[in-house]
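Please treat every number below as a calculation from the coordinates, not as lab data. No experiment lies behind these values; they were computed from the predicted model shown. Glycine also receives a Cβ, built like all others from the backbone with ideal geometry; neighbour counts cover every protein chain displayed.
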Ligand code: PEP
Ligand code: MG
């Protein structure tokens with residue numbers, strides 16, 4: 001069964017559209033289970049009905065026409081009970097509802113399983129047979145397993161509006177693809193897909209107007225792979241047994257296959273760019289091999305896939321003919337995962353928004369988008385990326401939604417929203433020179449966050465009083481090797497100069513987790529629990545000392561540098577980091593560059609550090625609460641995993657209590673406590689933190705004006721009362737409701753959160 005299951009899933013996942021995917025599913029299930037009929041009903045939630053969408057065995061004319069009321073029949077019952085229904089003689093069941101169009105009178109055995117994704121019933125999958133019999137438990141298991149796979153495919157189709165178009169053909173382009181909010185703002189732009197082309201299925205469809213150039217590009221890539229294989233086989237010949245060596249021969253044979261190459265060239269000549277023509281030729285063969293239930297042939301399919309990737313890799317390296325690669329004017333980058341290098345490849349004035357299939361609000365690419373002031377939507381889930389290329393797209397970063405090919409009414413609605421947003425931003429512009437001060441005169445320093453030197457302008461323009469978190473790793477991520485001391489020194493100097501005498505808190509290198517360096521890959525099963533931040537730098541004192549020296553030198557004559565240590569788990573780590581800092585400082589003195597000792601802080605972003613905040617604080621000058629990671633580690637919710645994104649919330653009561661403890665511990669030791677996670681960018685949460693006694697806030701530049709607006713709308717007493725009440729609540733929902741009510745009361749209804 002497992003092999004059959006894998007093949008069906010594989011075939012369904014490569015189906016060109018939803019109707020074909022459903023047709024494949026029902027036909028394959030019917031054959032595999034040896035039943036007379038297999039049928040899929042999809043939920044039409046708008047009409048509270050189940051619509052027969054595909055069948056193998058029932059009347060094909062019924063497809064799209066038979067609609068069952070959600071309370072009617074066995075289909076409604078399966079959906080209602082959310083569990084399989086296995087009946088030996090369905091017509092005898094009291095809920096049996098005969099539908100004349102489907103002609104199922106001759107069927108007795110009935111097995112129906114719900115299609116559920118994220119707790120939502122998307123439809124029902126059934127099999128039926130004329131004999132009177134119960135289905136065996138292994139048959140039930142099989143159908144349940146297929147249903148789980150199908151539900152995930154369907155979920156994407158539903159979110160992309162595909163099922164809606166099938167169910168209600170008149171509704172087009174108004175269905176949102178739901179992800180999670182990554183960075184605020186709304187934009188209408190054109191999709192561009194940075195083609196890393198790692199997987200064949202990811203290759204977007206693109207036309208070519210220069211088939212001759214594409215053909216040459218393709219031939220070059222093939223020749224390069226051939227040469228690569230020859231070199232590898234020569235190199236490995238003495239080391240590999242003959243059976244393994246034969247693999248290279250197989251690869252070379254496949255590559256020289258006239259039909260494979262010929263089919264690709266035909267695709268190119270028909271106007272398709274080389275990667276997609278190659279993808280089609282390779283994928284059609286892979287599918288054939290995978291369908292044959294032969295382990296030898298499935299291995300060949302794997303070989304072919306590997307070879308396919310190799311050629312793609314080389315195609316990526318050989319430039320395409322413009323203009324297909326030049327980004328559109330209002331470019332919305334859409335990718336499965338995005339690296340800093342992807343963003344850097346688009347001129348900043350053209351980059352309008354980003355959309356990622358993976359990741360969540362706290363992925364570093366989302367943070368970067370915030371720093372750049374562009375909207376981002378994360379965690380859209382698996383999508384056929386190729387189909388988006390060149391489409392018009394609305395990106396709603398406030399609600400984490402995108403609309404592909406929106407209809408005119410929706411576009412007009414969003415244009416209004418964009419205008420209203422711009423108006424509010426213009427109004428807030430008036431607050432630029434004003435401090436973040438409550439109505440009764442309590443002032444809280446409001447800093448911005450930065451990652452790249454290009455952020456300086458936005459950070460200065462947003463009216464922040466300095467930089468509360470400069471993520472130095474971003475400068476490392478856009479390079480091809482570790483930057484040296486001199487290069488780093490220049491970067492840090494520009495940052496410090498731009499804000500002097502206001503403080504710039506420079507965090508030492510915080511790589512690991514989802515922040516990887518292209519030139520230093522770290523392979524780990526649980527990267528967020530692994531070699532991150534300080535753990536990495538303490539193990540690499542060479543890299544750490546170079547960075548510290550560069551920072552200290554950059555600070556000469558300015559004195560606004562503050563150094564922050566990330567991912568601290570133990571007091572020993574702080575002691576060791578301070579020892580190395582002292583070492584760097586003494587070394588510089590010896591080298592004739594005497595440096596002033598900057599203030600030093602520790603990030604509190606791990607529960608162990610939170611509960612030792614007092615001991616940590618007593619060793620340094622300030623604490624900075626990193627709520628992004630603290631939420632992740634306290635709630636055990638991967639900040640980068642869209643599946644559990646709904647559990648990730650910095651307003652969790654446990655977070656509030658932990659932060660209250662950190663603030664109290666810092667203050668007992670006489671040290672100020674800053675908050676530099678994204679929580680500081682959430683205006684309501686920022687006021688709550690103010691009420692809890694936080695000493696300064698560091699928000700993304702795009703959020704600084706709104707946070708300031710919120711702070712200036714409250715009295716300190718109101719903020720304290722909000723904190724008092726919030727700390728007594730049991731659930732995130734209650735905390736949000738309280739914050740929303742409080743925001744509304746002071747006239748800030750425009751920035752309240754959805755409470756779904
Ligand atoms: C945090 O964890 O809150 C933080 C500010 O650091 P980063 O998001 O860069 O991990
Ligand atoms: Mg962190």
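Our Cα-only numbers for the range 1-100 put the radius of gyration and Dmax at 14.3, 40 Å. Size descriptors for the range 466-532, from the alpha-carbon set: Rg then Dmax equal 13.7, 44 Å.
Do you know the relative contact order of the chain, to the nearest whole percent, from alpha carbon pairs under 8 angstrom that are 6+ apart?
10
By DSSP, the beta bridges lying fully in the chain are antiparallel in about 55 percent of cases. Summarising the label geometry, the points placed 7 Å from Cα in the beta-carbon direction at residue 424 and residue 494 lie 3.3 nm from one another. When only Cα pairs below 8 angstrom with a gap of at least 6 residues are kept, the range 547-702 shows a relative contact order of 19 percent.
Computed extension length for residue 82-residue 587: 175.0 nm, one decimal, from 0.36 nm per residue of separation with the Cα-Cα distance subtracted. Helix 716-726: angle to the longest alpha-carbon principal axis of the chain, degrees 0 to 90, nearest 10? Compared with the principal axis, the helix lies near 40 degrees.
Could you give the Stokes-Einstein D for the range 665-731 in µm² per second, using the C-alpha Kirkwood radius, 10 °C, 1.306 mPa s? So the translational diffusion coefficient is about 129 µm²/s. For the chain, the longest principal axis of the Cα atoms and the long axis of helix 653-668 meet at an angle of about 20 degrees.
Once you sort the root eigenvalues of the Cα gyration tensor of the range 437-563 as a ≥ b ≥ c, which label holds: rounded (a/c under 1.5), prolate (a/b larger than b/c) or oblate (the other case)? All intermediate terms of the calculation are to be shown ahead of the outcome.
Working: a/c = 2.17, a/b = 1.55, b/c = 1.39.
Prolate is the answer for the range 437-563, as a/c is 1.5 or above and a/b outweighs b/c.
Extension gain, residue 528-residue 556: 0.36 nm per intervening residue step, less the Cα-Cα distance, totals 6.6 nm.
Once the chain from residue 10 to residue 93 is taken as fully extended at 0.36 nm per residue, the excess over their C-alpha distance is 26.3 nm.
The label point for residue 415 and the one for residue 201, both projected 7 Å from the Cα toward the Cβ, are 3.8 nm apart.
Would you work out the relative contact order for the range 2-167, in percent, from Cα pairs under 8 angstrom that are 6 or more residues apart? Write out the running numbers ahead of the final one.
Values: 309 pairs, mean separation 33.9, N = 166.
For the range 2-167, the relative contact order is 20 percent.
Which of rounded, prolate or oblate describes the range 609-721 when judged by the alpha-carbon gyration tensor and an a/c cut-off of 1.5? In terms of gyration-tensor shape, oblate. From a point 7 Å beyond the Cα of residue 540 in the direction of its Cβ, which residues of the range 506-520 have a backbone N at a distance under 15 Å? Taking a point 7 Å out along Cα→Cβ of residue 540, the residues of the range 506-520 whose backbone N falls under 15 Å are 508-520. Each principal axis of the Cα atoms in the chain has its own extent, and those three values, largest first, are 86, 68, 48 angstrom.
Add -39500 (n - 2.57) for each DSSP H run of 4 or more in the chain, then divide by its residues: what number comes out at 222 nm, to the nearest 500 deg cm²/dmol?
Working: 27 runs with 343 residues, N = 756.
Estimated from H runs of four or more residues: -14500 deg cm²/dmol.
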